[in-house]
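The values are calculated or read from the model by the stated rules, or taken from the named source; none is laboratory data. Because the structure is a prediction, the values reported are computed rather than measured. As a convention, Cβ positions derive from the backbone with ideal geometry for all residues, glycine included, and neighbour counts pool all protein chains shown. Surface areas here come from the heavy atoms of the whole protein model, side chains and all, with no ligands, DNA or RNA. Shrake-Rupley method; radii C 1.70, N 1.55, O 1.52, S 1.80 Å.
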Amino acid sequence: RALAVRAYLAQKGVGPERVERAFRETRAAGIGTYAYMMIGIPSETEAEMVRTVDFSIALQAEYAQFSVCTPYPKTALYQRMMLDGIVPEDYWLDFAKNPREDFRMRFYNPDFNEEDLRDLLMHAISKNEFKVTAVSSVADALQELAREKFDIVLTDLQIDPGAGGLELTTAIKEK
């Protein structure tokens, strides 16, 4: 199961050396750089995720974004994971047929839960010398914002069932 996903990703033909070269040449041409990193790929270990974070720092990108791998419907990764049985049922199709407010996107790494991945994302951001506070609900975010001043708020579109980044942003603007 793990090998099939890794093989799919390797098919893209983009190794670390090629990425480093692209960043070097882009910077040399005076063009801004942006690194988009994904962690939580099925079968990825914690050590591999930490290496991804370290790699992003070594790239010296002007901006970096870290996301948790979420296989979206009709993508090659989602189809591969369905064929390999990693995604047991087409839950996106079920949602399309029966939309619910409590729908949650899923990630498929059996070794990590959402809190583990949030901790790794905090690690990624804090390695860039930022002080990081992580919360798991809109209510907790508002509580932290009332207690302390933050220079930036990074949020997901969906945090709680029925509430997420848009509601959080609205609440922040109203204060």
Under 5 Å between amide H atoms, partner at least 5 residues away or on a different chain: which partners does V68 have, H built in plane at 1.01 Å?
I39
Of G30, G40, G85, the one that fluctuates the most in a GNM where the chain has Cα springs shorter than 10 Å
G30
When we measure straight from the Cα of K149, which aspartates and glutamates land under 18 angstrom away, once same-chain ones fewer than 8 places off are left out?
E129, D140, E174
Set the Förster radius R0 to 22 Å, insert the Cβ-Cβ distance between T45 and N98 as r into 1/(1 + (r/R0)^6), and round the FRET efficiency to 0.05.
0.05
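Taking the solvent-accessible surface of protein heavy atoms with a 1.4 Å probe, what is the per residue accessible area of the chain in Å²?
66 Å²
Per the 1.4 Å probe, what fraction of the accessible area of the chain, in percent, lies on carbon and sulfur atoms? Could you put the intermediate results ahead of the total?
Numbers: 6240 of 11590 Å².
With neighbouring chains kept in place, the figure for the chain is 54 percent.
Can you give the relative contact order of the chain as a percent, counting alpha carbon pairs under 8 Å and 6+ residues apart?
Details: 152 pairs, mean separation 35.7, N = 175.
Worked out over the chain, it gives 20 percent.
If packing is taken as the mean number of other Cβ atoms within 10 Å per residue, what is the order of 98-107, 55-64, highest first? Walk me through the numbers on the way to the answer.
Values: 98-107: 10.7, 55-64: 14.8.
Order by mean packing, descending: 55-64, 98-107.
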Histogram of C-alpha separations across the chain, 5 Å bin width, %
1, 7, 13, 16, 17, 17, 14, 9, 5, 1, 0
